[in-house]
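Quick notes on the structure that follows.
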Amino acid sequence: MRGSFEHAYQLLMSYFTEVRFVDPDFVFNIQTTSCKDKRFTRYFCCFGLPKKQYKLL
């Protein structure tokens, strides 16, 4: 991905927001370097269907 860390963070957040419109059970968590910094170190996401299937196991 080209550009700044802030731009990449903004794109990732907008992507997760769009996915949540389609899948309301979508879960995501972003770990940032600090509270006010828009640089992320890692992220986790889980779509609704696999989450529901895992609960059935």
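The values are calculated or read from the model by the stated rules, or taken from the named source; none is laboratory data. All figures in this text were calculated on a predicted structure; none of them were measured in a lab. Reconstructed Cβ throughout: ideal geometry from the backbone, glycine too, with neighbour counts over all protein chains shown.
Just to be sure before I move on: is Arg42 on the phi < 0 side of the Ramachandran plot, modelled with pLDDT of 85 or more, out of contact with any His (no Cβ under 8 Å at 6 or more places or on another chain) and outside any loop (DSSP other than H, G, I, E, B) in the structure I sent? Walk me through how you get there before you give the answer.
Details: on the phi < 0 side of the Ramachandran plot: yes; modelled with pLDDT of 85 or more: no; out of contact with any His (no Cβ under 8 Å at 6 or more places or on another chain): yes; outside any loop (DSSP other than H, G, I, E, B): yes.
So Arg42 fails the test.
Remark: pairs (first residue in the stretch 12-25, surrounded by 10 or more Cβ atoms within 10 Å (Cβ to Cβ); second residue of a type in the set (Phe, Trp, Tyr) and at pLDDT below 85; Cβ separation under 6 Å; 6+ apart in sequence or on different chains) = Phe16/Phe28; Asp23/Phe47.
Would you be able to say whether some residue in the stretch 9-32 is among the aliphatic types (A, V, I, L, M) and either assigned to a strand (DSSP E or B) or touching an Asp or Glu at 6+ places or on another chain (Cβ under 7 Å) (or both)? Working first, answer last.
Applying the first criterion (among the aliphatic types (A, V, I, L, M)) to the stretch 9-32 yields 11-13, 19, 22, 27, 30.
Remaining after also requiring either assigned to a strand (DSSP E or B) or touching an Asp or Glu at 6+ places or on another chain (Cβ under 7 Å) (or both): 27, 30.
Yes; the residues of the stretch 9-32 include at least one that is among the aliphatic types (A, V, I, L, M) and either assigned to a strand (DSSP E or B) or touching an Asp or Glu at 6+ places or on another chain (Cβ under 7 Å) (or both).
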